[in-house]
Amino acid sequence: MKKEEFIPKVNDALAQEFEVEIEEITPDADIKETLDLDSLSLVDMVAIIEDMFEVSIKNQEIAQVKTFNDLYDFIEGKINE
Amino acid sequence: MNNRVVITGMGIYSCLGYNLDDVRQSLFDGKSGIIFNPERKELGFRSGLTAKIDMPDLKGILSRNQRVYIPEQGNYAYMATADALKNAMIDMDYLEDHEVGILYGNDSSAEAVVKSVDIMREKKETTKIGSGAIFQSMNSTVSMNLACLFKLKGINMTVSGACASGSHAIGLGSLLIKWGLQDCIVCGGAQEVNPYSIGSFDGISAFSTRENDPTKASRPFDRDRDGLVPGGGAATVIIESYDSAVKRGAPILAEICGYGFSSNGDHISVPNVDGPVRSLEMALREAGVNIRDIGYVNAHATSTPVGDKNEAKAIAQVFGDLKPEVTSTKSMTGHEMWMAGASEVIYSMLMMKNHFIAPNLNFENPDEDSAKLNIPEKRVDKHFDMFLSNSFGFGGTNSTLIVRNL
């Protein structure tokens, strides 16, 4: 799946789960700030991505992800592993 | 220290209504909250009878990150507690600046456990369970959630005493205030209504199977009772030292003047007579009141054959020739279990404040023990200034509260 194809799906799923307006999710926005994530809700975000792409994500991997752009790149890398 | 302990606020979310006014009206009208739920039969229940209660929608009131940790009964408890605090004229600023505690009755949180195990078995990966499950599935889930949501800074724990949990929570809270260790405590009880929580209870043939007539199924003290009907929701009372209430200018509704407790030291599910008698006598002793002043007894009576029989014997033994009205509000609500001790204090308070005793529905024919009590099947319009409320539970735990009108 190409990045352009999965980005809207990821944004939709995260906006719905974390109850934010879809417009707030922009490529350079900080994920934790935008979605109001703490250490617990981060677990839920990871589970959503794992389920959506049938991948497995380690804690230290997701720690590198700061912005939504980082997340899209990270997902692309995971899909191509 | 020997502080007087008063009730300054109440809130309830029950099958009789989702606020105090609606509940009072249901009690006055003798309206049953029991229905037949066919979904239970699909799960293999012997009985599809249950109290009807809708889940409140807290979206828009609490954030996603607050709601995700709250189990079913926690939603009810949030609603009841928000109302009770408002009723007591306690706002968030007061809670920020004072050490208000919480002692809440709860003795299961099954749905979150069942769902977690289902995910674990299917996905073989614990991270898929999600972040809310651990907090939703602990017995202390209600007190932990409410303590965070309402910024409570005093004592913070759950009381698990089976079907007497809510009553013990109020009783224990009253002791902490009496002894001067706390000025104000949020007390109450919550009970989940989902089928996962009570399938095992249904499995031991404890529930009424009078499914063709749901509102007739819960019939405490009646000769033809055949078991209890499970119910639930949540009830909260704000208890406080008299001095604190006066200082705040709070509405002082009533005084908790006696708490009695005991353990049967006997069978795990079959109650006896001696244990409850000792609980009633202790409450009377602690209250230091004249038993003649008790104008109403809210019985534990759940509509089981042995439970009601032994409670009737205990009440008759303690009250002797005195015949205050005795009713079980479970005839309308079913058995609200962990919540019951708290909700029944509120039901009794609403009756005391509004000069009536709600009917003991379906009390058509007494048995040899209930015949010795004064059990009205119709509403009684009368004024009373003191009531006694019993709550008993599995393992032989007993709690009795005596409350005086102020």
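Taking the residues in the stretch B:107-132 that are more than 30 Å from residue B:172 (Cβ to Cβ), of a type outside the set (Ser, Thr, Tyr) and part of a loop (DSSP other than H, G, I, E, B) as candidates, determine which candidate is nearest to the other protein chains (Cβ to nearest Cβ).
B:130
Residue-by-condition table, conditions (1) touching a residue at least 12 places away in the same chain (Cβ under 8 Å); (2) part of a loop (DSSP other than H, G, I, E, B); (3) within 12 Å of residue B:298 (Cα to Cα):
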site	(1), (2), (3)
B:351	yes, no, yes
B:368	no, yes, no
B:384	yes, yes, no
B:395	yes, no, no
B:402	yes, no, yes
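Which residue, of B:33, B:48, is under 30 Å from residue B:212 (Cα atoms) and either touching a Leu at 6+ places or on another chain (Cβ under 6 Å) or within 14 Å of another protein chain (Cβ to nearest Cβ) (or both)?
Just a single option satisfies the conditions, and that option is B:33.
Going through the stretch B:22-55 one residue at a time, which ones are open to solvent by 30 Å² or more (accessible area, probe 1.4 Å), more than 29 Å from residue B:83 (Cα to Cα), part of a helix (DSSP H, G or I) and of a type in the set (D, E, K, R)?
B:39, B:41, B:42
Condition check ((1) within 10 Å of another protein chain (Cβ to nearest Cβ); (2) free of Cβ contacts under 8 Å to residues at least 60 places away in the same chain; (3) surrounded by 13 or more Cβ atoms within 10 Å (Cβ to Cβ)) across all residues:
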position	(1), (2), (3)
A:4	no, yes, no
A:9	no, yes, no
A:15	no, yes, yes
A:19	yes, yes, yes
A:23	no, yes, no
A:28	no, yes, no
A:33	no, yes, no
A:36	yes, yes, yes
A:42	yes, yes, yes
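Determine which single condition residue A:52 fails, assuming it passes every other condition in (1) part of a helix (DSSP H, G or I); (2) facing another protein chain (nearest Cβ under 10 Å); (3) open to solvent by 40 Å² or more (accessible area, probe 1.4 Å).
All conditions are met except number (2).
Of the numbered conditions (1) within 22 Å of residue B:165 (Cβ to Cβ); (2) outside any helix (DSSP H, G or I); (3) hydrophobic (A, V, I, L, M, F, W, C), residue B:314 satisfies every one except a single condition; which is it?
All conditions pass for residue B:314, except number (2).
When only residues in the stretch B:1-56 that are among the basic types (Lys, Arg) and touching a residue at least 60 places away in the same chain (Cβ under 8 Å) count, which is farthest from residue B:104 (Cα to Cα)?
Restricting to residues being among the basic types (Lys, Arg) and touching a residue at least 60 places away in the same chain (Cβ under 8 Å), the top hit is B:46.
Quickly run through the stretch B:70-106 and pick out the residues that are surrounded by fewer than 22 Cβ atoms within 10 Å (Cβ to Cβ) and assigned to a loop (DSSP other than H, G, I, E, B).
Result: B:89, B:91, B:98, B:99.
Looking at (1) under 24 Å from residue B:399 (Cβ atoms); (2) part of a helix (DSSP H, G or I); (3) more than 14 Å from chain A (Cβ to nearest Cβ), which one does residue B:144 not meet, given that it meets all the others?
(3) is the only condition that residue B:144 fails.
Exactly one of these conditions fails for residue B:58: (1) more than 14 Å from chain A (Cβ to nearest Cβ); (2) open to solvent by less than 20 Å² (accessible area, probe 1.4 Å); (3) over 18 Å from the mean Cα position of the chain (by Cα). Give me its number.
The failed condition is (1).
The values are calculated or read from the model by the stated rules, or taken from the named source; none is laboratory data. Predicted, not measured: the structure shown is a model, and the values here were computed from it. Ideal geometry is used to build each Cβ from the backbone, glycine not excepted, and the neighbour counts take in all protein chains shown. Each accessible area value is taken on the protein alone, full model and side chains, heavy atoms only, with ligands, DNA and RNA left out. Shrake-Rupley method; radii C 1.70, N 1.55, O 1.52, S 1.80 Å.
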